[in-house]
Amino acid sequence: MDNLIIEGSNHTPDVNFNADTGTLALKGRSTPENSIEFYRPLLEWLDQYGSNSKTEKTTLKIQLEYFNTSSSKCILDIFKKVNALFKDGLNVSINWYYEEEDEDMQEAGEDYSDLLDVPFEIIELEEE
Amino acid sequence: MIDLYALYQRMHDNNIMLTFKGEVTFDLIDSILKIMEGRLEQLEDSRKTKKKVYNVLVECLQNLCHHIDFSDSQPDPNKDEHDYLRKSAILIIFSDDDAYHVATGNYITGENVNGLKGWLDEINSTTKDELRALYKRILDNEKFSEKGGGGLGFIDIARKSGQKLNYKFKEINDKYSFFSFQINIPKA
């Protein structure tokens, strides 16, 4: 299947969902007014990925600088798709990265983690 | 002629970083965020505070856009003064030694006053941990409206700032009220 690559903007994240490597990355900021529209292709891609996944392991890597509340529900929808893959027996996990000392982003990761069964790692990034 | 120096001084004395009055569009929000990001980069050393202010500002501005009723097409100033006015809003961002302040004002229909007031009071009477639980519950259970938001905006503003939501309603006529809102984001 095709990889999903979307270049980020001032209010949408970089998307790099690679079906060949099993690394699905979302990076940048997510503050669009219409987040449903932005996240729809990502959710559709994940639907396809479930039955086409050939990699041994799948990791969803989320590294966000900002996200708005309208994105928060869409991000949960993404996580729930991944959670369903996990329940189907796929070897999947989620990595949630946050910048050093960004407690808000750390808490946000913990909030999501509480709502899911899939292995969910919250990782602090060292300052560059 | 307008006394611009007096106006300048007043804005200077009040440490006004940005102010706007008029119709709020998505493009405008984008521009305001870009300007404020640049200003915060210059003025604020703490990355943590910078991010909090930016985050809160995003929610305040998008709230403003969602609360203003865009259901009609173009506003017609000749038809009804308030039909025109209700698309209009005010935004003031200022700072002092202790905090950044984001203040917004916009018209809402009278029938929505009690609902909004109840929601803001509920958030203000909730502890930090309860607020977090409420956020998670809404995130997981409730359908979001087409316009986005979904009730999480004000919770997020309260969580990120760690402060109470200040608000006031002023009845304008039998149809509209003016909603004033202010949040303070303490400096680190």
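The values are calculated or read from the model by the stated rules, or taken from the named source; none is laboratory data. Just so you know, these numbers come straight off a predicted model, no measurement behind them. All Cβ positions, even for glycine, are placed from backbone atoms using ideal geometry, and neighbour counts span all protein chains on display.
Within segment B:175-188, is there a residue that is within 14 Å of chain A (Cβ to nearest Cβ) and at pLDDT 95 or above?
Yes, because at least one residue in segment B:175-188 is within 14 Å of chain A (Cβ to nearest Cβ) and at pLDDT 95 or above.
Of the numbered conditions (1) more than 14 Å from the chain's Cα centre (by Cα); (2) closer than 29 Å to B:Y54 by Cβ; (3) part of a helix (DSSP H, G or I), A:N10 fails exactly one; give the number of that condition.
Of (1) more than 14 Å from the chain's Cα centre (by Cα); (2) closer than 29 Å to B:Y54 by Cβ; (3) part of a helix (DSSP H, G or I), only one is false for A:N10: (3).
Matching residues to (1) within 14 Å of chain A (Cβ to nearest Cβ); (2) free of Cβ contacts under 8 Å to residues at least 24 places away in the same chain; (3) among the aliphatic types (A, V, I, L, M); (4) under 30 Å from A:D77 (Cβ atoms):
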{"site": "B:D96", "(1), (2), (3), (4)": "no, no, no, no"}
{"site": "B:H101", "(1), (2), (3), (4)": "no, no, no, no"}
{"site": "B:N114", "(1), (2), (3), (4)": "no, yes, no, no"}
{"site": "B:G118", "(1), (2), (3), (4)": "no, yes, no, yes"}
{"site": "B:E122", "(1), (2), (3), (4)": "no, yes, no, yes"}
{"site": "B:G151", "(1), (2), (3), (4)": "yes, no, no, yes"}
{"site": "B:I155", "(1), (2), (3), (4)": "yes, no, yes, yes"}
{"site": "B:K168", "(1), (2), (3), (4)": "no, yes, no, no"}
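Could you tell me whether B:L33 is modelled with pLDDT of 65 or more and facing chain A (nearest Cβ under 10 Å)? Give the steps one after another, and end with the answer.
Details: modelled with pLDDT of 65 or more: yes; facing chain A (nearest Cβ under 10 Å): yes.
For B:L33, the condition - modelled with pLDDT of 65 or more and facing chain A (nearest Cβ under 10 Å) - is met.
A:V92 is checked against (1) within 11 Å of the chain's Cα centre (by Cα); (2) buried (at least 17 other Cβ atoms within 10 Å of the Cβ); (3) more than 11 Å from chain B (Cβ to nearest Cβ) and fails just one. What number does that condition carry?
That leaves (1) as the condition not met.
Of A:F86, A:F120, which residue is under 28 Å from B:G162 (Cβ atoms) and away from chain B (no Cβ under 12 Å)?
A:F120
Of all residues in segment A:102-117, which are within 11 Å of chain B (Cβ to nearest Cβ) and either in contact (Cβ under 8 Å) with a residue 24 or more places away in the chain or in contact with a strand residue (DSSP E or B) (Cβ under 8 Å, 6 or more places away or on another chain) (or both)?
Of everything in segment A:102-117, those that are within 11 Å of chain B (Cβ to nearest Cβ) and either in contact (Cβ under 8 Å) with a residue 24 or more places away in the chain or in contact with a strand residue (DSSP E or B) (Cβ under 8 Å, 6 or more places away or on another chain) (or both) turn out to be A:M105, A:A108, A:E110, A:Y112, A:S113, A:L115, A:L116.
Can you pull out the residues in segment A:14-54 that are within 14 Å of chain B (Cβ to nearest Cβ), crowded, with 19+ Cβ neighbours inside 10 Å and closer than 25 Å to A:N91 by Cα?
A:Y39
What number of residues within segment B:40-66 satisfy the criterion of being more than 21 Å from B:Q163 (Cβ to Cβ) and surrounded by 14 or more Cβ atoms within 10 Å (Cβ to Cβ)?
Qualifying residue count for the region: 2.
Yes or no: B:T109 more than 21 Å from A:G109 (Cβ to Cβ) and modelled with pLDDT of 95 or more?
No, not satisfied.
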